[in-house]
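Computed from the coordinates by the stated procedures, all read-outs in this text should not be read as laboratory data. Computed from a predicted structure; not experimentally measured. Backbone-built Cβ (ideal geometry, glycine too); neighbour counts: all protein chains shown.
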There are 2 protein chains.
Amino acid sequence: MSTLCVPAQVPPVAEDCEQLHKAFSGWGTNEGLIISILGHRNANQRKCIRQAYAETYGEDLLKALDKELSNDFERIVLVWALDPSERDAYLANEATKKWTSSNQILVEIACTRSPKELLLAREAYHARFKKSLEEDVAYHTTGDFRKLLLPLVSSYRYCGDDVNLHLAKSEAKILHDKITEKAYNCDDLIRILTTRSKAQINATLNQYKNQFGNDINKDLKADPKDEFLALLRATVKCLIFPEKYFEKVLRLAINKLGTDEGALTRVVATRAEVDMKIIKGAYEKRNSVPLDKAICKDTHGDYEKMLLTLIGHGEE
Amino acid sequence: MSTLCVPAQVPPVAEDCEQLHKAFSGWGTNEGLIISILGHRNANQRKCIRQAYAETYGEDLLKALDKELSNDFERIVLVWALDPSERDAYLANEATKKWTSSNQILVEIACTRSPKELLLAREAYHARFKKSLEEDVAYHTTGDFRKLLLPLVSSYRYCGDDVNLHLAKSEAKILHDKITEKAYNCDDLIRILTTRSKAQINATLNQYKNQFGNDINKDLKADPKDEFLALLRATVKCLIFPEKYFEKVLRLAINKLGTDEGALTRVVATRAEVDMKIIKGAYEKRNSVPLDKAICKDTHGDYEKMLLTLIGHGEE
């Protein structure tokens, strides 16, 4: 499902470090060389490069990149170079600091990662920010948004496939009752979405459709401008159909008047090694244009090259 | 701080297994032999014994103990024999199933364990019960109790010693304002107690005392019969003064008309390897009688022997 292309023969770590160091030296920076190395190494390989680079040159690779690069290209290289859990911690921290009710990044991190990956992100958050993720989320959010986001980022869902069908039926009814009453912030609705396993929620939402005819997200669209409802829909999508969620983030980022590079960078950097192949398929199906073409049209230069490298352009 | 006494020369695991198997064989059970082995092995050693026992005799040691033993003695041996994280998962599961508003066990597990230990308990919960701890807590509790317990059991607090004194001052004021308004269930009060690190909460409560004169728990005693207030006080105590909390649980368990064996067993089995020495000190200071004397007076037989063994009676 990954679109990352790692060469069959990966050079020794020391050589990668030397090449990167060369890319930074002298007059101007060799961006192409940076892309050709970092854009073709997996998380573990990048981690080894970062460690070896620090040992060899006495400087954190990220610091060096930060000094040499700029703008969108800098951002994607830095975000990509981070270890996935550290990257999630970093993105989540940014999201808490500039949190607005339309910001869905916390939901994205809490719900599209596996329960174990979310724990690792919380651990990385401790290490990097000397506090806990939930502490910052609770501090920077209020009201219904806090009520939903706090248990989402604190969750450690059961990740087995076991499903209790009886429970699915009864909880589908609870969800439907509450949505019909427009009690979107009620304890039970939030409890079900924030604590049940993904498999169990999937079963519950299937029951919902069977018993009441609609997809739950259709019923959660009573007021399309309500941002809390939008967050609930994002929660459902991230839990059950992450590829559809990410396709839509990409679509909105690209179709905007002026590309939303922040969203584009985030989705490509966080999903390239996970499920970008599926997201690309979903994108082409929904937009009748391949993702790489859309990216070519909307971006340029080294930023464009790095995006295309990560989504595996020209590799299939 | 542990009161567990492990002999300088621990017999090989195979020998421990053989002796335990012998203790179960023939006419009657040799309880003394069980105590002399399991009561003198640490968590890792007990784990090895359990594994080796299953491999050698094709039966889980806990199953065998369950068949052979009975009543309070059975309970303490079984609870003690469990791996600490599995034991916490087991106790927490029991607590969710028979949860009442006076039940403080979930608070105890969520707040006296280290953040990492709580995570391990949540992991063990997945493995044993095929669902998540927070899922069961959310399902079995309601209202204010859920509002407090759910973030407590889901917490993964930062565990460093870094303290933000400015924040401590401002949050002490928030706590005092809310308590003065009797808004005990307000979002901010719960947010502070459920997400901040123990060191930070300690600093905040020191500021509380400096600025407003009272210990927070004194101010949280406006209505001594209110069970939600009692739970808030237990939260504070478990986070900041666990030894005082456990001393009180023991005191109430022993001073009751008819001992509360459930509480006595739980505290001894969960703290023997952690901080029972400090708890014993606190007990003697508060009750002017050593804990082992109090236990001798209130219990008898093999149950008494096992309790005394675990609290290191006669070993100092």
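Quick rundown of the values:
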quantity	calculated
Inter-residue pairs, beta-carbon under 9 Å, first touching a residue at least 24 places away in the same chain (Cβ under 8 Å) and surrounded by 20 or more Cβ atoms within 10 Å (Cβ to Cβ) and in the range A:49-78, second in a helix (DSSP H, G or I) and aromatic (F, W, Y), 6+ apart	A:L61/A:Y53; A:L65/A:F24; A:D72/A:Y303; A:F73/A:Y303; A:I76/A:Y303
Of all residues making up the range B:215-224, the number that are surrounded by 14 or more Cβ atoms within 10 Å (Cβ to Cβ) and either out of contact with any Leu (no Cβ under 8 Å at 6 or more places or on another chain) or within 12 Å of chain A (Cβ to nearest Cβ) (or both)	2
Extreme residue, surrounded by the fewest Cβ atoms within 10 Å (Cβ to Cβ), among residues of the range A:104-123 that are of a type in the set (D, E, K, R) and away from chain B (no Cβ under 11 Å)	A:E117
From B:A172, B:A203, residue being touching a residue at least 12 places away in the same chain (Cβ under 8 Å), on the phi < 0 side of the Ramachandran plot and within 14 Å of chain A (Cβ to nearest Cβ)	B:A203
Matching residues in the range A:124-138 - criterion: being facing another protein chain (nearest Cβ under 7 Å) and surrounded by fewer than 24 Cβ atoms within 10 Å (Cβ to Cβ)	A:H126, A:K130, A:K131
Close pairs (9 angstrom Cβ cut-off, 6 or more residues apart or separate chains): outside any loop (DSSP other than H, G, I, E, B) in the range A:26-42, among the basic types (K, R) anywhere	A:E31/A:K305; A:G32/A:K305; A:L33/A:K22; A:I35/A:K305; A:L38/A:R46
Residue check for B:E273: within 12 Å of the chain's Cα centre (by Cα) and surrounded by fewer than 19 Cβ atoms within 10 Å (Cβ to Cβ)	yes
Residue match in the range A:176-196 (condition: hydrophobic (A, V, I, L, M, F, W, C), in a helix (DSSP H, G or I) and facing chain B (nearest Cβ under 10 Å))	yes
Top-ranked residue of the range A:164-209 - restricted to ones that are hydroxyl-bearing (S, T, Y) and out of contact with any Phe, Trp or Tyr (no Cβ under 6 Å at 6 or more places or on another chain), ranked as surrounded by the fewest Cβ atoms within 10 Å (Cβ to Cβ)	A:T180
Failed criterion for B:S101 (all others in (1) small (G, A, S); (2) surrounded by fewer than 22 Cβ atoms within 10 Å (Cβ to Cβ); (3) free of Cβ contacts under 8 Å to residues at least 40 places away in the same chain hold)	(3)
Residue list for the range A:145-156, restricted to those being within 11 Å of chain B (Cβ to nearest Cβ) and either outside any helix (DSSP H, G or I) or within 25 Å of B:Y125 (Cα to Cα) (or both)	A:K147, A:L150, A:P151, A:L152, A:V153, A:S154, A:S155, A:Y156
Single condition A:H166 does not satisfy, out of (1) in contact with a helix residue (DSSP H, G or I) (Cβ under 9 Å, 6 or more places away or on another chain); (2) more than 9 Å from every other protein chain (Cβ to nearest Cβ); (3) assigned to a helix (DSSP H, G or I); (4) more than 16 Å from A:D219 (Cα to Cα)	(1)
Criterion violated by A:S114 - all others in (1) under 21 Å from B:E135 (Cβ atoms); (2) in contact with a helix residue (DSSP H, G or I) (Cβ under 8 Å, 6 or more places away or on another chain) satisfied	(2)
Residue satisfying all of: in the range B:241-268; farther than 18 Å from B:R87 by Cα and hydrophobic (A, V, I, L, M, F, W, C); farthest from the chain's Cα centre (by Cα) among these	B:L257
Flag for B:L91 being surrounded by 22 or more Cβ atoms within 10 Å (Cβ to Cβ) and assigned to a helix (DSSP H, G or I)	no
